[in-house]
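**Student:** First the structure, which I've put down as structure tokens, then a few questions once you've had a look.
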Amino acid sequence: MTDADNQLDREIGDEKTMLCQLLSPWSVPPSWTPSTDLKHFKGVKLDKEGKVKLVDLDGNQLTGIINLAKLPGGLQELNLRYNQLTGTIDLTQLPDGLKNLRLSGNQLSGNINLTKLPQGMHVPAPLQTQPASYLKPFFLSHTALN
């Protein structure tokens, strides 16, 4: 194995750990264990190098507190809509490459900061010129976030 192969293996291992921490202590899909290969994680799509690019767990009855602080750096889309996630969320440390974030339909609460969203995050054209407060319904409808 080359040094580049070893580095990629470490990065993929780190992404697996990050995903398992993202979901702790939720009732996660049975396939989400540290011993499972990432390509077998339910709702996860990988890029050509085997890195996480999409997590889609829409409507999976996940429970617990969401932790967005340590998402894989290459993650482009995170969809956790319509679960039973609770607590407050921190949107100030999202990966730079994140383009789509879907958290609506959960029991999230508290204040949010929409001023540090990733630069490439998809925001519909009519909302791009609006203040951050207008973005809340797009990302977080059906929550109690302020």
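Laboratory data are not the source of any read-out in this text; all were calculated from the coordinates shown. In this text the structure is predicted, and so the values were computed from the model without any measurement. In this analysis, Cβ positions are derived from the backbone assuming ideal geometry, glycine residues included, and neighbour counts consider all displayed protein chains.
**Student:** Could you tell me the center-to-center distance, by alpha carbons, between segment 104-120 and segment 80-103 in angstrom?
**Tutor:** For segment 104-120 versus segment 80-103, the Cα centre distance is 7 Å.
**Student:** For W32, enumerate residues with amide H under 5 Å from its amide H, sequence gap 5+ or separate chain, H modeled in the peptide plane.
**Tutor:** Residues meeting the amide H criterion: K42.
**Student:** Something else: Starting from the Cα of H40, step 7 Å along the direction of its Cβ; do the same at D14; then give the gap between the two resulting points in nm.
**Tutor:** Calculated label separation equals 2.5 nm.
**Student:** Excluding residues fewer than 8 places away in the same chain, name every one of the lysines whose C-alpha is closer than 17 Å to that of K45.
**Tutor:** Correct list for K45: K16, K53, K99.
**Student:** Given a Förster distance of 25 angstrom, what is the FRET efficiency for T115 paired with I65, based on the Cβ-Cβ distance and rounded to 0.05?
**Tutor:** Working: r = 23 Å, r/R0 = 0.92.
Computed FRET efficiency for T115 and I65: 0.65.
**Student:** Here's a follow-up. On a full-extension model of 0.36 nm per residue, what is the gain between Q107 and K48, subtracting their alpha-carbon distance, rounded to one decimal in nm?
**Tutor:** Values: separation 59, 0.36 × 59 = 21.24 nm, distance 3.50 nm.
Additional length available on full extension: 17.7 nm.
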